[in-house]
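Accompanying notes for the structure given below.
The values are calculated or read from the model by the stated rules, or taken from the named source; none is laboratory data. What you see is a predicted model; the values in this text were computed from it and never measured. Positions of Cβ are backbone-derived with ideal geometry, glycine not excepted, and every protein chain shown enters the neighbour counts. The accessibility values were calculated without ligands, DNA or RNA, using every heavy atom of the protein model including side chains. Shrake-Rupley method; radii C 1.70, N 1.55, O 1.52, S 1.80 Å.
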Amino acid sequence: MDSTYSGTYGKLKAYYPDFLSRQFIDDLISSPNLDDIQGRLARTVYGEHINHLASLYRNPELLEIAVNRELVRKNRIALFAVPPASKNSVLAYLAKWDIENIKSILSSKFMDYPLRESDAFLISFRDVPMGIFAGTLRDEDFKAMLSRGSVEDVINFLSPTPYGTAMLSQIDQYRKTKDLSVLFFALDVYYYTNLLNTILFYNGDEGPVLRLVRELIDVHNLDVLIKGKSMEVEFSRIIRGLIAGGNIGVERLSDLYRSQDVEQIAKNNGQFDLGPAVESFRQDGNMLHFDLEMRRQVYSKYMPVISSMSLSLGSMFHFMIMSEVERENLRTIILGKHYGLSEESLRKLILRW
């Protein structure tokens, strides 16, 4: 056992009281409006962010940016607390936020849709938060990307980085089709492949984290199938977005794609029980139910395990995932209230285990 993890665990443990309780989230869902949510969050760790931003933004942007700021803070805590043996794995996991931002910037260039950098976020011309600088690229990198004139200019700027290398592998295909999905798929393949490769058996107890990542790859691959089937996309187009390393092989995924429809893929996947998601999908047609149900099952299996791994890589991943899911749930509630979703609908969209 690496003794350097003891200091890491102590640092992270000190921040666990900042996480909101299940009861608090339930009470937020029952809040009558965004002002009430703001008042409740102002009495928590989010209060500092709300106070700092209140003169610049109004709801829902105020709350959404405050929530994003807290995730940035927690990710930086994780990054500064990590011992050397796990740093590459933590960096690889946090790269998801770099990729989210790169995708937003590429989309904005493709559609000639203005974005700007503000207060550590990507902001649209309507002051809507589009992404957060919670990964490993610097603010200066994003400013430089925003100043570029086209999709290919952004890729060329990123060419010295692994993100650029991944996209350059598909640049000819993009030039032929002008289909951004080939670039997005390249980024996703890089992300999960790199994440898998960084989880090394240094401490001897990294197995649960490795299995967690493999099941998240299954979630990604099934999401790609379900979305592709709903849009009636040919399998030859989506295969670029399928990632090796999960429990469901590409050949099995190809067989699943021959299913009659989305519901048949969900029922026959063999990895997850998606019966509840199918029922919710039938009611409102929202494919997000499938992703939520799969991740709910993955986290139910692994989060209790890695939370007990106090002196290991598991404790790092537990903290990062807790931070990510809290941000996701709060954004769901904030935007759901803004757009008038019912409490019943909101509760179905909350991720917990």
Q: Enumerate the lysines that K74 could reach by cross-link, defined here as Cα to Cα under 22 Å, with residues fewer than 8 away along the same chain left out.
A: K11, K13, K87, K96
(Q) Under a Cβ-only charge scheme (Lys and Arg +1, Asp and Glu -1), can you give me the dipole magnitude of the chain about the Cα centre, in debye to the nearest 20? (A) 320
(Q) Considering all alpha-carbon pairs of the range 262-353, what whole percent are spaced by more than 23 angstrom? (A) 35
Q) Which value, in debye to the nearest 20, gives the size of the charge dipole of the range 11-70 about its Cα centre, when Lys and Arg are +1 and Asp and Glu are -1 at the Cβ? A) 260
**Q.** the chain: projected area of the alpha-carbon convex hull, averaged over directions, in nm²
**A.** 17.6
Q: Heavy atoms only, probe 1.4 Å: what % of the accessible area of the chain goes to carbon and sulfur, would you let me know?
A: 50
Q: Starting from the alpha-carbon convex hull of the range 275-327, give the projected area averaged over all orientations, in nm².
A: 4.0
Q | Order of exposure, largest accessible area first, which applies to Y15, Y190, Y57 with probe 1.4 Å | A | Y15, Y190, Y57
(Q) With every protein chain kept in place and ligands, DNA and RNA left out, what is the accessible area per residue of the chain? Probe 1.4 Å, answer in Å². (A) 44
Q | Extreme residue, positive dipole direction of the chain, given options V90, M111, L183 (C-beta unit charges) | A | V90
Q. Using a Gaussian network for the chain with springs between C-alpha atoms less than 10 Å apart, which of these wobbles most: V305, V219, V90?
A. V305
(Q) Show me, bin by bin at 10 Å from 0, the whole-percent P(r) of the range 1-115 based on Cα pairs. (A) 11, 30, 31, 22, 5, 0
Q) Mean 1/r over all different Cα pairs, inverted: what Kirkwood radius does the range 198-322 give, in Å? A) 15.5
(Q) So if I restrict to the alpha-carbon atoms in the range 233-304, what is the Rg, and what is Dmax, the biggest pairwise distance, in Å? (A) 13.0, 39
**Q.** Over the range 235-353, relative contact order from alpha-carbon pairs under 8 Å, at least 6 apart, %
**A.** 17
